[in-house]
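The values are calculated or read from the model by the stated rules, or taken from the named source; none is laboratory data. Predicted, not measured: the structure shown is a model, and the values here were computed from it. Because the Cβ atoms are built from the backbone with ideal geometry, glycine has one as well, and the counts that use them run over all protein chains shown. With ligands, DNA and RNA removed, areas are computed over all heavy atoms of the protein, side chains included. Shrake-Rupley method; radii C 1.70, N 1.55, O 1.52, S 1.80 Å.
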Amino acid sequence: MQKILVTGGAGFIGSNFVRYIYRERPNWQIEVYDKLTYAGNKANISGLEDRVTLTVADICDEQEIGAAIARNDAVVHFAAESHNDNSLHHPWPFVKTNIVGTFRILESVRKHNKRIHHISTDEVYGDLELDDPAKFTPDTPYNPSSPYSSTKAGSDLLVRAWARSFGVKATISNCSNNYGPYQHIEKFIPRQITEILEGRKPKLYGSGENVRDWIHTEDHSSGVLSILEKGKIGETYLIGANGEENNKNVVELILELMGKNKSDYEHVNDRPGHDLRYAIDASKLMNELNWLPKYTDFKSGLADTIKWYEENEAWWKPEKQATEEKYKELGR
Ligand code: NAD
Ligand code: DAU
């Protein structure tokens, strides 16, 4: 593999993956294909121009995506509308990008006989009870709750069908909640950090008992690269790093790391249909592809992430007011 197309490569996880590949595979050329929605930012991939190019276009554009796929060896497909809260209020962009966009990509990789790795989420499996010892496995039935997760589930099923019916060389990964630098400030961890930096209190949905399984974005990137290079065609791999934490604990930890009183947060309206708990069993990826997460000290990863937002105010500040105005309308 010499030339890869990274859709959504100017977003949070996509840009971290591009930086990772740039470092780890010095002979690869990377074409980022991104519409630069509110969530995409050219600055996320700046400084890599000798081996990374940017095509600003929509994955739903049959001609543009077809031409980009034709000129690369493989596609790693991150592009998506990614935020649950937005999907509850404006679901159409989710249906269009996540389902129609993935369909366009599949038709094109089929036509040009290219390899595709499809990035998905653990949310396709629904949620688990707090006291359930079970975790999601590749055999867990699909049971998505939100417009976002249902469109991701739909995109996964399209990929599976194109692999089985048309022999498309596809793999899929379903990962848990990522954290790290370059994450949009609408998301939980950067929202709380930037609220504190602006002198306001963190905002916890509902009781704060909901559990997410946190993974550093660097570990997601290494998992994706393992699958891209060594994964078995047609297979699904789950990526997770045993990082279960409830939201209340995460907010308290952020406050503590930022030198504030641990109880200095507020409860806001809960998210409708709010999934209770996610937990990933990544043993297939570990056993079959020898993958291991490296950034498993959540407190230290969180401290680094806080430092990144403290040092990169110019990156997030222009988005802050509009993001909080959206939340204000929702009472969250
Ligand atoms: P993000 O919202 O930060 O980035 C999405 C990127 O896709 C942006 O750069 C945006 O401009 C681009 N994009 C959106 N619509 C597009 C379109 N129609 N055409 C071209 N580009 C378009 O999202 P993220 O958090 O980085 O998530 C990336 C992928 O990883 C998504 O597929 C998401 O479902 C999946 N995922 C995310 C997480 C998480 O914790 N954030 C966990 C598991 C899986
Ligand atoms: O599990 C993987 C998924 O993780 C990805 O597929 C999604 O793209 C990604 O956005 C993320 O979804 P979540 O809904 O879990 O992430 P979010 O950051 O929106 O919220 C994390 C938890 O924090 C969730 O239980 C809701 C809660 N929350 C969120 C915000 C923004 C709060 O309590 N307060 C907040 O202000």
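Scan (1) over 19 Å from the mean Cα position of the chain (by Cα); (2) modelled with pLDDT of 95 or more for the single condition MET1 breaks and write down its number. Unmet condition: (2). The sole residue among ILE69, ILE59 that is within 12 Å of ligand 1 (Cβ to nearest atom), at pLDDT 95 or above and among the aliphatic types (A, V, I, L, M) is ILE59.
Go through (1) more than 28 Å from LEU128 (Cβ to Cβ); (2) more than 12 Å from ligand 2 (Cβ to nearest atom); (3) crowded, with 20+ Cβ neighbours inside 10 Å for THR194 and report which single condition fails. Every listed condition holds for THR194 apart from (2). For the stretch 249-283, the set of residues classified as more than 17 Å from ARG191 (Cβ to Cβ) and open to solvent by 30 Å² or more (accessible area, probe 1.4 Å) consists of GLU256, GLY259, ASN261, LYS262, SER263, PRO272, GLY273, LEU276, ASP281, SER283, listed by residue number. For the structure I just gave you, tell me whether LEU276 is within 16 Å of ligand 1 (Cβ to nearest atom) and out of contact with any helix residue (DSSP H, G or I) (no Cβ under 7 Å at 6 or more places or on another chain). No; evaluated as a whole, the condition is false for this residue. Given the criteria surrounded by 18 or more Cβ atoms within 10 Å (Cβ to Cβ) and in a helix (DSSP H, G or I), does SER108 qualify? The answer is yes for SER108.
The rows are residues; the columns are (1) more than 12 Å from ligand 1 (Cβ to nearest atom); (2) not in a helix (DSSP H, G or I).
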residue: VAL76; (1), (2): no, yes
residue: SER87; (1), (2): no, no
residue: THR97; (1), (2): no, no
residue: ARG104; (1), (2): no, no
residue: PRO133; (1), (2): yes, yes
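Looking at the stretch 20-55, which of its residues are open to solvent by 80 Å² or more (accessible area, probe 1.4 Å) and assigned to a loop (DSSP other than H, G, I, E, B)? Within the stretch 20-55, PRO26, ASN27, LYS35, GLU49, ASP50 qualify. Scanning the stretch 292-302 for residues that are part of a helix (DSSP H, G or I) and loosely packed, with under 15 Cβ neighbours inside 10 Å yields LYS299, SER300.
Filtered by the rule that a residue be open to solvent by 50 Å² or more (accessible area, probe 1.4 Å), within 30 Å of GLN192 (Cα to Cα) and out of contact with any helix residue (DSSP H, G or I) (no Cβ under 8 Å at 6 or more places or on another chain), the stretch 226-248 gives ASN242, GLU244, LYS248.
Look at (1) of a type outside the set (S, T, N, Q); (2) closer than 15 Å to THR151 by Cβ; (3) within 19 Å of the chain's Cα centre (by Cα) and you find that LEU106 fails only one, number (3). Within the stretch 56-68, the only residue that satisfies the criterion of being assigned to a helix (DSSP H, G or I) and in contact with a strand residue (DSSP E or B) (Cβ under 6 Å, 6 or more places away or on another chain) is ALA68.
Here is the figure for the stretch 315-332: residues that are outside any helix (DSSP H, G or I) and out of contact with any helix residue (DSSP H, G or I) (no Cβ under 8 Å at 6 or more places or on another chain) total 1.
The conditions of being without any contact (Cβ under 8 Å) to a residue 40 or more places away in the chain and in a loop (DSSP other than H, G, I, E, B) are met by GLY259. Test ASN287 against the stated conditions and say whether it is within 25 Å of GLU129 (Cα to Cα) and not in a strand (DSSP E or B). Criteria not met by ASN287.
Contact map, the stretch 196-217: first residue more than 22 Å from GLY259 (Cα to Cα), second residue open to solvent by less than 60 Å² (accessible area, probe 1.4 Å) and basic (Lys, Arg), Cβ cut-off under 7 Å, separation 6 or more or different chains; pairs are TYR205/ARG271; TYR205/ARG332; ASN210/ARG277; VAL211/ARG277.
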